[in-house]
1. Given the condition more than 30 Å from ARG45 (Cβ to Cβ), aliphatic (A, V, I, L, M), loosely packed, with under 12 Cβ neighbours inside 10 Å and not assigned by TED's automatic domain parsing to the domain that holds ARG115, answer yes or no: does some residue in the stretch 322-339 qualify?
2. Report yes if GLY18 is of a type outside the set (Ser, Thr, Tyr), part of a loop (DSSP other than H, G, I, E, B) and closer than 20 Å to VAL199 by Cβ, otherwise no.
3. Take the conditions under 21 Å from ARG253 (Cα atoms) and either surrounded by 12 or more Cβ atoms within 10 Å (Cβ to Cβ) or touching a Cys at 6+ places or on another chain (Cβ under 7 Å) (or both) and apply them to ASP310. Does it pass?
4. Just need a number here: residues in the stretch 247-273 that are among the acidic types (Asp, Glu) and either in a helix (DSSP H, G or I) or at pLDDT below 85 (or both).
5. Select from the stretch 146-163 the residues that are in a helix (DSSP H, G or I) and in contact with a strand residue (DSSP E or B) (Cβ under 8 Å, 6 or more places away or on another chain) and write down the one among them that is nearest to THR121 (Cα to Cα).
6. Does VAL84 meet the test of being part of a helix (DSSP H, G or I) and free of Cβ contacts under 8 Å to residues at least 40 places away in the same chain?
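The values are calculated or read from the model by the stated rules, or taken from the named source; none is laboratory data. Computed from a predicted structure; not experimentally measured. Reconstructed Cβ throughout: ideal geometry from the backbone, glycine too, with neighbour counts over all protein chains shown.
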Amino acid sequence: MTSDRKIVVTGAGGFIGGRVVEALVQHPEVGQVVPTVRRWGSLARIGRYPVEAAHCDVLEPGSLVSAVSGADAIVHCAVGGRAVTVEGTRNVLQAALTAGARRVIHVSTIDVYGRAEGTVTEDHPFERTGREYGDSKIEAEEACQEFVRHGLDVVILRPAIVYGPFSDLWTVQFAERLESGNWTLPAAACQGTCNLVYVDDLVRAILLAIDADVVPGSAYNVNGPDRITWQSYVVGLNSGLGLPPLDPPAESRTRLKTRLVEPFRKIVKSGYAAFEGPVQWTYKRSRPARTVIKSVQSLLRRVPAPAEYDLYGRVVDIQTLRAEAELGYTATVLASEGIERSVAWLRHEGAFGRVT
């Protein structure tokens, strides 16, 4: 990298995008770093750095054109629903093409492989599962390849389970669930492979991809250095937080509860999707409604969903040989170290009753 280059990061207020900005700002050979955010409030984390952020919504092409003007590279980390993932990615790619950007790094996911098991390389076919996140990421990757055919240089990264400080899904929510005693999955149901990649390893892959001499449109899996079970991850996090040993109910009883509660879960999910606005309005203004809604949420958290059995039970090894050979990528943060760092951050945040 050279100091006169402009690198734009979409979704800079998020977990991965924020860490990318931090790494770029501290890189001795990077010039101008432009974080883009949809909400100014999401800048709190990176606000301590001497960077000038751009207000940018990936669903508004006009704001993108202004943000990426003069950019050498764009790291696309913005996340959201299907519209953000698919149309937002298309808008970013079009803006990059119009601006003459040299390269776009598109952060995808291993979810494009669906319910794959066994050894998985980048040649594994896509599998649409009906789940919005993975299916929309497939569409986003297809858009990337379409723009490659139009002459845009795009490199695609498919990270595994990205965890660490500021990870809401795989760190904060897991810690909250453990702290509240709502982890009810038996050990036998969690013997699948937990393909963890610590956020700093992913960021290292992103930085390498900015300048790697690779074929446009190339895709790379990004995973951590070891393959532990989901049970090992949960137990490690639980122990690090200083919580009592896990004592879930018998597997037969847990699976029975899952079967009984699942129809109710689907009704709640579809009802919320259809009436999100009125539900939110009622929740904010009615104490009895808040009590009922919280009780429903608590019940659903205590009972594992079928998708959890599927995820935590699958044995799958996400290979990174291509990233190692072509990007020079090497994962360095073992799961034990990543869990330790995550726990230290959780303790520093002081977000949990027993985490002091």
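1. Yes - at least one qualifying residue is present in the stretch 322-339.
2. On the way: of a type outside the set (Ser, Thr, Tyr): yes; part of a loop (DSSP other than H, G, I, E, B): no; closer than 20 Å to VAL199 by Cβ: yes.
Answer is no for this residue.
3. Values: under 21 Å from ARG253 (Cα atoms): yes; either surrounded by 12 or more Cβ atoms within 10 Å (Cβ to Cβ) or touching a Cys at 6+ places or on another chain (Cβ under 7 Å) (or both): yes.
Against the criterion (under 21 Å from ARG253 (Cα atoms) and either surrounded by 12 or more Cβ atoms within 10 Å (Cβ to Cβ) or touching a Cys at 6+ places or on another chain (Cβ under 7 Å) (or both)), ASP310 qualifies.
4. Within the stretch 247-273, the first condition is being among the acidic types (Asp, Glu), and the residues that meet it are 247, 251, 262.
Of the ones still in play, those that are also either in a helix (DSSP H, G or I) or at pLDDT below 85 (or both) are 251, 262.
Residues flagged as among the acidic types (Asp, Glu) and either in a helix (DSSP H, G or I) or at pLDDT below 85 (or both) within the stretch 247-273 amount to 2.
5. Here is the first cut: in the stretch 146-163, the residues in a helix (DSSP H, G or I) are 146-149.
Still in the list and also in contact with a strand residue (DSSP E or B) (Cβ under 8 Å, 6 or more places away or on another chain): 147-148.
Numbers: PHE147: 23, VAL148: 21 Å.
Among residues in the stretch 146-163 that are in a helix (DSSP H, G or I) and in contact with a strand residue (DSSP E or B) (Cβ under 8 Å, 6 or more places away or on another chain), the one nearest to THR121 (Cα to Cα) is VAL148.
6. Working: part of a helix (DSSP H, G or I): yes; free of Cβ contacts under 8 Å to residues at least 40 places away in the same chain: yes.
When the stated conditions are applied, VAL84 passes them.
One line per residue, one yes/no per condition, for (1) out of contact with any Lys or Arg (no Cβ under 8 Å at 6 or more places or on another chain); (2) surrounded by 15 or more Cβ atoms within 10 Å (Cβ to Cβ):
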{"position": "ILE16", "(1), (2)": "yes, yes"}
{"position": "VAL21", "(1), (2)": "yes, yes"}
{"position": "VAL25", "(1), (2)": "yes, yes"}
{"position": "VAL34", "(1), (2)": "no, yes"}
{"position": "VAL37", "(1), (2)": "yes, yes"}
{"position": "TRP40", "(1), (2)": "yes, no"}
{"position": "ARG45", "(1), (2)": "yes, yes"}
{"position": "ALA53", "(1), (2)": "yes, yes"}
{"position": "CYS56", "(1), (2)": "no, yes"}
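Residues are listed down the side, and each one gets a yes or a no for (1) outside any loop (DSSP other than H, G, I, E, B); (2) under 18 Å from GLY338 (Cβ atoms); (3) among the small types (Gly, Ala, Ser):
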{"position": "ALA189", "(1), (2), (3)": "yes, no, yes"}
{"position": "ASP200", "(1), (2), (3)": "yes, yes, no"}
{"position": "VAL203", "(1), (2), (3)": "yes, yes, no"}
{"position": "ILE206", "(1), (2), (3)": "yes, yes, no"}
{"position": "PRO216", "(1), (2), (3)": "no, no, no"}
{"position": "PRO245", "(1), (2), (3)": "no, no, no"}
